[in-house]
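Notes follow once the structure below has been shown.
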Amino acid sequence: MRGGFSLWGWNKAGARQYNHCLAEAITMARNMVSNSIEKKVTEGELTSEKLVEFYRLMYLSRRTDDREIVLKRQQKIFFQVSCAGHEALLVAAGMAMRPGYDWFYPYYRDRAICLALGNTVEDQLLQSVGAADDPASGGRQMPSHWSSPKLNIVTSSSSTATQCLQAIGCAEAGRYFSRHPEAAAKHPGDYREFKDVKFHGDEVVYVSIGEGATSQGEFWESLNTASNGKLPVVYVIEDNQYAISTPVETNTPGGNISRLVANFPNFHFAEVDGTDPIASYKAMAEAVAYCRAGYGPALVHGHVIRPYSHSLSDDERLYRPASELEADALRDPISRMQMWLLREGILDEAAINRLERQVDEEVQRAADKAIMAKLPSLDSIPRHLYSEDLSPMDARFATQPRPTADAAERTMADLINCCLKDEMRRDDRIVVFGEDVADASREEPLRAGKIKGKGGVFKLTAGLQTEFGSDRVWNSPLAEANIVGRAIGMAERGLKPVVEIQFFDYIWPAMHQMRNELALIRWRSNDGFSCPLVMRVPIGGYLTGGSIYHSQSGESIFTHTPGVRVVMPSNALDALGLLRTAIRCDDPVLFLEHKRLYRETYGRAAYPGPDYCIPFGKAKIVRPGRELTVITYGAVVPRALQAAERLHRDKGIDVELIDLRSLAPYDWETIAESVRKTNRVIVAHEDMLSWGYGAEIAARIGEELFHDLDAPVRRVASMDTFVAYQPILEDAILPQSEDLYRAMEDLAAF
Ligand SMILES: Cc1ncc(C[n+]2csc(CCOP(=O)(O)OP(=O)(O)O)c2C)c(N)n1
């Protein structure tokens, strides 16, 4: 055995246990891929050198965990979660894949795969101490939250399973670029200037989670798309039997995730003893080969152990009997691999001691450096919340309309559709998906001219699939987290997803992806990764019958989320200009479209040409005035304008009306200048009064412009309730022109 080691030879004698159903699925998959995969796996034989390296990486991972535990007890680091017990499965995964070529969405336990891919112990311990030079996050993320642009290890959060959907988007982006290589080109003047694209055509995406996290819906949403799209994604389920203190059978019906997923089409499945390095390597190599050959996704379910509690904040003796821990100890992958190397004669005791001493010295050196490392400066805190290369406030986005021969007045819906078409013609990286946004998922009758196509429930995306094809415009499953999570993965690879959430009222399933991922990718990776994308979301009420679930507002929830830009136009021209900036800029943008305004007579405009943009953070003075300022946005703009005109006619009171257009960032200069002039101000919006967007603006005016005020800051907003169906209730709940009129009149008289 000394000079080399055949995987297939070991397997005959090995201790793998596939259950009956899985064995059948594997046989079917193998038959499909025939000899090619077996050949690739056997070509990747584990030589003696590779086996020694395998053990070194496992031991390095364990000793790094041990060192972190000491550092935590010495209060030199502040958190610890270990890879202990998972090392064999994860080194196998690292060795079966290609760093910097394949893509990786690792779980927080995945120290060993990161080391196998080329992360160093020093890199990892710099994160543990929160050093300025922590290459994963610049001192922002806890230890074991991996990120390496060079190795294609994508920044990870603490949220369990969000990474599954991002991995899907990442694989879709790889496929898109290999089908449309021209789209990868750099382009000056927009986000593409700063977004390099890497693709090869046969890269595989790794994503791993614990068995507990397979209970998350986002895991299942990702399986749907991986399976439907036959995407090259290798899932690794690290099954250590516990999710903190909750045992596997409590999370997973029947206690075995392999049994539950076995019917997903197009998958290759393997269930393996993840403490057995050789069996793990074989399972991983097979799975990766299956994906790389383009047959579809794979899922490797590894049974591992968890010898060190969930994290250092947990004491597993409170919920696990000693007998269970003793049984686990017998399967410890480190001692198993060490014994095996000795038994096979690949290393003798002296060589093992030498290897282990070298590892201990490496860890010691890294720890010494990490402890002495420079800490981040406080002025680094706001850096990389947003792109520092291209701001949507940039002067390049301040352009003038260039009217064309067609001077017809168009609605907001028309001009949004025009903008999407213009930008898709200009930029091959734009893809559009969401619920019902395509013209028709069953394309044949569309192409044959037998049907016109749907193009969105509000028809904003009508004709896009017909013009740009189904590679660029498609219907998503009915799953909002799926839409946003995939879009994040695509944007990380350089695509520009412009996705639609059908109604703001249904944005909440995507909230986790938005709040914990979309907004944070750039900041938490210290600019290592970014996901500039656009979420178009129809919002708001005044619909007469829209009721609770088709009338919601809630923009302040997102303006309260740093890292995302939020805009909300009130007319057709602004909608087009702001959407173009949203698409061309380098930040994630929540683009709120008031559905009551889509086809209003108010605010129609002629098409202003294919390059018309409006910078973010610039309000518009809709009506100049001297006596009172009204600050608002969205569908309240035409209502406030009506009230202001009437008040002027009735009482001669001259109101200045400001349409913010852009909510985060917002135009403080225009607000301040107006308040200094009028000394009276109302902040008005459609969303609920309490904790609403106006609270922040009113508070800042109180803080910074107190001496300019002749009256208290007043707010006009909807009642603190949801929007009811019966029109007389809806009218009473939402702020009307009459309410604004009265508030203006009162304040002017104060
Ligand atoms: C969405 C979410 N919910 C809850 C948590 C808190 N939490 C962190 S780890 C964990 C258990 C995860 O168990 P499992 O997926 O089996 O992984 P293991 O830690 O056993 O490797 C929980 C509940 C979280 N991080 N994210």
The correct count of residues that are more than 9 Å from PRO610 (Cβ to Cβ) and open to solvent by 10 Å² or more (accessible area, probe 1.4 Å) in region 422-436 is 3
Let me confirm something: among VAL484, VAL473, which residue is aliphatic (A, V, I, L, M) and more than 15 Å from VAL537 (Cα to Cα)? VAL473
I need a count of the residues in region 178-216 that are open to solvent by 40 Å² or more (accessible area, probe 1.4 Å) and within 16 Å of the ligand (Cβ to nearest atom). 2
Test VAL457 against the stated conditions and say whether it is among the β-branched types (Val, Ile, Thr) and surrounded by 17 or more Cβ atoms within 10 Å (Cβ to Cβ). no
Inside region 223-245, can you point out the residues that are out of contact with any helix residue (DSSP H, G or I) (no Cβ under 9 Å at 6 or more places or on another chain) and either surrounded by 22 or more Cβ atoms within 10 Å (Cβ to Cβ) or of a type in the set (Ser, Thr, Tyr) (or both)? SER227
Quick one: in region 251-287, of everything that is touching a Ser or Thr at 6+ places or on another chain (Cβ under 6 Å) and within 14 Å of the ligand (Cβ to nearest atom), which residue is most open to solvent (accessible area, probe 1.4 Å)? ASN251
Given (1) aromatic (Phe, Trp, Tyr); (2) surrounded by fewer than 19 Cβ atoms within 10 Å (Cβ to Cβ); (3) within 16 Å of the ligand (Cβ to nearest atom); (4) touching a residue at least 24 places away in the same chain (Cβ under 8 Å), TRP220 misses just (4)
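If a residue must be among the charged types (D, E, K, R) and within 20 Å of the chain's Cα centre (by Cα), how many such residues does region 545-595 contain?
So in region 545-595, the residues among the charged types (D, E, K, R) come out as 555, 565, 574, 580, 584, 586-587, 593, 595.
Next cut, within 20 Å of the chain's Cα centre (by Cα) only: 555, 565, 584, 586-587.
Going through region 545-595 one residue at a time, the tally reaches 5.
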Restrict the check to region 557-571 and report whether at least one residue is among the aliphatic types (A, V, I, L, M), out of contact with any strand residue (DSSP E or B) (no Cβ under 7 Å at 6 or more places or on another chain) and over 29 Å from SER159 (Cα atoms). no
Among the numbered conditions (1) within 16 Å of the ligand (Cβ to nearest atom); (2) modelled with pLDDT under 95, tell me where ARG317 comes up short. (1)
Among (1) surrounded by 12 or more Cβ atoms within 10 Å (Cβ to Cβ); (2) more than 30 Å from GLN74 (Cα to Cα); (3) without any contact (Cβ under 8 Å) to a residue 40 or more places away in the chain, where does ARG354 come up short? (2)
Would region 603-620 turn up any residue that is open to solvent by 10 Å² or more (accessible area, probe 1.4 Å), within 23 Å of ASP739 (Cβ to Cβ) and part of a strand (DSSP E or B)? yes
Counted residues in region 481-534 being more than 16 Å from the ligand (Cβ to nearest atom) and of a type outside the set (S, T, N, Q) come to 31
Residue set SER128, SER144; condition open to solvent by less than 10 Å² (accessible area, probe 1.4 Å), of a type in the set (Gly, Ala, Ser) and under 20 Å from the mean Cα position of the chain (by Cα); output residue SER144
Among (1) near the ligand (Cβ under 10 Å from one of its atoms); (2) open to solvent by less than 20 Å² (accessible area, probe 1.4 Å); (3) at positive phi, the one test that VAL248 misses: (3)
Region 75-189: helices (runs of 4 or more DSSP H) wholly inside it with 1 or more residues that are in contact (Cβ under 8 Å) with a residue 40 or more places away in the chain and more than 22 Å from CYS531 (Cβ to Cβ) are 87-96, 111-117, 121-129
Residue ID - farthest from ASP332 (Cα to Cα), chosen from residues in region 82-101 that are more than 11 Å from the ligand (Cβ to nearest atom), crowded, with 24+ Cβ neighbours inside 10 Å and not hydrophobic (A, V, I, L, M, F, W, C): GLY94
Kindly evaluate GLU238 against the criterion of being within 24 Å of ALA88 (Cβ to Cβ), more than 10 Å from the ligand (Cβ to nearest atom) and of a type in the set (Asp, Glu). no
Matching residues in region 143-177 (within 12 Å of the ligand (Cβ to nearest atom) and small (Gly, Ala, Ser)) number 6
May I ask you to verify whether MET412 is in contact with a His (Cβ under 9 Å, 6 or more places away or on another chain), touching a residue at least 40 places away in the same chain (Cβ under 8 Å) and of a type outside the set (Asp, Glu)? yes
Those helices (runs of 4 or more DSSP H) completely within region 653-736 that have 3 or more residues that are closer than 18 Å to ARG626 by Cβ and open to solvent by 20 Å² or more (accessible area, probe 1.4 Å) are 668-678
Inside region 468-571, counting only helices (runs of 4 or more DSSP H) that do not spill past its ends, which hold 3 or more residues that are open to solvent by less than 10 Å² (accessible area, probe 1.4 Å)? 480-493
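The values are calculated or read from the model by the stated rules, or taken from the named source; none is laboratory data. This one's a predicted model, so the numbers in the text were calculated from it and none came from an experiment. Glycine also receives a Cβ, built like all others from the backbone with ideal geometry; neighbour counts cover every protein chain displayed. The area values use the complete protein model at the heavy-atom level, side chains included, leaving out ligands, DNA and RNA. Shrake-Rupley method; radii C 1.70, N 1.55, O 1.52, S 1.80 Å.
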